[in-house]
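Take a look at the structure below.
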Amino acid sequence: MDAHGYDRELREVAKRDRAREAAFLQKHAGSGGPPQLANRIAGRRLPPLEGTYVDKHDPARGKVLCQVPRSGRPDVEAAVAAAKLAQPAWAATPLAKRCAVLRRTAELIERDMDRLVRMESEDTGKPVKLAGSLDIPRAARNFRFFADFLESRKEAVHLTEGFRNETHRVPVGVVGLITPWNLPLYLLTWKVAPALGLGNAVVAKPSELTPRTADALADLLAEAGLPDGVYNVVHGLGPEAGEPLVAHPDVRAVSFTGGTATGAKVAAAAGPKKLSLELGGKNASLVFSDCDLDETVKGVARAAFTNQGQICLCGSRILVERSLFPEFTRRLAEHAKGLRIGDPLDPATDLGSLVSQSHRAKVETYLEVAQDEDATVHCGGGRPDLPGVLADGAFLQPTVLTGLDQDSPLVQEEIFGPVVTVQPFASEDEAIALANGVRYGLAATVWTKDANKAQRVAERLDTGMVWVNCWLVRDLAVPFGGVKDSGFGREGGEWSVDFYSEARNICTKVTP
Ligand code: NDP
């Protein structure tokens with residue numbers, strides 16, 4: 001479509017949607033009830049076409065925070081159409097200008113840090129300490145990193161006997177981004193920043209449990225100068241809004257982060273398009289007797305319980321060399337008991353609530369299995385006693401269990417909560433066999449002072465990522481992703497460039 005046709009079509013879309021947006025804003029202003037979020041399509045706040053909403057609760061306090069559009073296929077179609085219209089002009093915008101928008105967005109996220117931290121904490125139940133040190137700063141970092149990375153990239157040139165090959169990256173077009181509830185803005189911006197930087201237009205479907213920062217990002221991107229229609233958000237439930245987005249023929253690439261079972265559905269619905277699947281994990285922390293014990297207890301506990309154990313990278317299977325097993329388990333349980341569990345909005349809180357009552361109920365079914373299997377509970381094992389408004393929040397104590405076999409569901413399945421198992425091993429070979437003996441393969445950590453052993457073990461682990469004497473250290477240029485049931489595809493640095501753009505080679509005869 002030429003520029004004139006594009007403008008005309010945009011104007012028609014704008015005219016059609018203006019009345020719907022005005023009606024939405026009017027209703028919203030006068031209602032007095034919980035605020036209603038809108039979809040963000042072509043720069044407008046649009047209510048779902050069917051007019052239905054789901055309540056979004058604060059999981060720590062139980063109160064309704066807002067209502068989220070329960071969008072369906074027609075809303076997805078409107079968002080994809082808006083993205084398709086806006087994408088060519090955005091792709092034609094010089095790289096330097098696109099990167100300036102990314103950098104400005106990073107600044108605006110930092111400007112609005114307190115507001116976004118509170119929003120993320122209320123939506124997820126995570127402590128403000130974590131949202132303020134990890135989630136929101138990382139969202140800003142995602143934008144800044146990709147702006148710098150994309151601007152410093154060199155296009156490949158190959159000279160062959162009188163011919164010059166220049167390989168350029170061209171955007172994929174419209175990309176669909178589907179994100180989970182555990183790190184809402186962090187994971188969304190990990191996808192949005194490279195997608196926009198490379199000239200794509202985006203339709204995002206955040207988890208309906210944690211919708212507000214995706215909505216806030218629309219305002220920040222617009223303030224940073226992103227044209228209308230380049231970033232669109234459709235809220236709603238996975239099967240009703242996510243699946244039509246994944247299957248839409250005009251969506252040329254889908255980046256999905258979520259559970260393995262959902263990932264399989266996404267792969268089936270996507271058809272012939274680019275797909276990146278970042279799925280579940282059941283990550284092992286391998287602790288050798290020659291580790292630095294103080295540092296290892298702290299590091300392993302952090303890997304186990306950060307975000308109440310609701311990070312795909314959490315180390316929930318702790319494997320300890322037999323000679324250190326009793327002492328390590330005791331020290332780990334002591335450390336866990338010292339974590340302060342309580343109001344997520346209190347800056348001193350270490351552990352907040354799980355994301356929802358239903359997710360806590362799921363985690364608790366594993367505690368029942370642990371009881372049936374006669375596991376030893378070294379700490380936790382139930383709900384904490386919290387006062388006042390927090391009494392009915394979705395809190396759960398950090399729990400350390402031993403005595404479970406390798407084939408126990410607690411060892412094999414992703415619990416995604418503050419529940420870890422500790423198993424002993426007698427040799428390097430046994431440690432590696434236990435670590436690799438699950439269907440997941442996302443990440444692992446190795447704790448030892450022996451650098452040769454660390455290298456040897458790391459090379460035999462069947463995971464996409466290994467950390468040695470550390471955890472969750474993220475250089476955004478390195479590949480992120482897993483193997484086996486943890487998904488396929490990598491994102492980060494050059495891998496994100498590969499995913500969010502296509503290589504186009506132009507071979508020219510060189511005239512002497
Ligand atoms: P889900 O798989 O339930 O959902 C992820 C997203 O997919 C949500 O937005 C969800 O919407 C949507 N969705 C659900 N069904 C469909 C469908 N049929 N088609 C398209 N989209 C759909 O994951 P959770 O939100 O429960 O997040 C936790 C999971 O995410 C864990 O397994 C965790 O390991 C994984 N994860 C993986 C990471 C990685 O990088 N490997 C990082 C972080 C988390 P709705 O919320 O409405 O259901």
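The values are calculated or read from the model by the stated rules, or taken from the named source; none is laboratory data. None of these values were measured; they are calculated from a predicted model. Here the Cβ is made from the backbone with ideal geometry for all residues, glycine too, and neighbour counts use every protein chain on show. Protein only, heavy atoms only, side chains kept; ligands, DNA and RNA dropped before computing areas. Shrake-Rupley method; radii C 1.70, N 1.55, O 1.52, S 1.80 Å.
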State the number of residues belonging to the range 495-504 that are in contact (Cβ under 8 Å) with a residue 24 or more places away in the chain and surrounded by fewer than 21 Cβ atoms within 10 Å (Cβ to Cβ).
4
Under 9 Å by Cβ, and 6 or more places apart or on different chains, what pairs join a residue from the range 262-275 that is in contact (Cβ under 8 Å) with a residue 12 or more places away in the chain with one that is part of a helix (DSSP H, G or I) and more than 9 Å from the ligand (Cβ to nearest atom)?
K274/F499; K274/Y500; L275/A267
Say we look at the range 370-394 and pick out the residues that are surrounded by fewer than 16 Cβ atoms within 10 Å (Cβ to Cβ) and outside any loop (DSSP other than H, G, I, E, B); which of these is farthest from the ligand (Cβ to nearest atom)?
G388
Are any of the residues in the range 181-191 part of a helix (DSSP H, G or I), touching a residue at least 12 places away in the same chain (Cβ under 8 Å), more than 15 Å from F143 (Cβ to Cβ) and not basic (K, R)?
yes
P249 - would you say it is in contact (Cβ under 8 Å) with a residue 40 or more places away in the chain, open to solvent by 10 Å² or more (accessible area, probe 1.4 Å) and in a loop (DSSP other than H, G, I, E, B)?
no
Can you go through T257, T262 and tell me which one is open to solvent by 30 Å² or more (accessible area, probe 1.4 Å), touching a Gly at 6+ places or on another chain (Cβ under 9 Å), within 8 Å of the ligand (Cβ to nearest atom) and over 22 Å from W90 (Cα atoms)?
T262
Considering the range 395-429 alone, what residues qualify as being open to solvent by less than 50 Å² (accessible area, probe 1.4 Å) and among the acidic types (D, E)?
E414, E428
Residue pairs within 6 Å by beta carbon, gap of at least six or interchain, first lying in the range 354-371 and of a type outside the set (G, A, S), second part of a helix (DSSP H, G or I), listed first then second, are L354/Q308; L354/R360; V355/T124; Y366/L410; V369/P409
Give me a count of the residues in the range 279-312 that are within 16 Å of the ligand (Cβ to nearest atom), in contact with a Ser or Thr (Cβ under 9 Å, 6 or more places away or on another chain) and either assigned to a loop (DSSP other than H, G, I, E, B) or open to solvent by 10 Å² or more (accessible area, probe 1.4 Å) (or both).
6
Under the condition of being within 12 Å of the ligand (Cβ to nearest atom) and either charged (D, E, K, R) or open to solvent by 10 Å² or more (accessible area, probe 1.4 Å) (or both), which residue from the range 208-243 is farthest from S358 (Cα to Cα)?
E243
Could we say that A201 is more than 16 Å from the ligand (Cβ to nearest atom), under 22 Å from L313 (Cα atoms) and open to solvent by less than 10 Å² (accessible area, probe 1.4 Å) here?
no
Taking the range 473-510 and the residues there that are in a loop (DSSP other than H, G, I, E, B) and among the charged types (D, E, K, R), the one that is nearest to T262 (Cα to Cα) would be D485
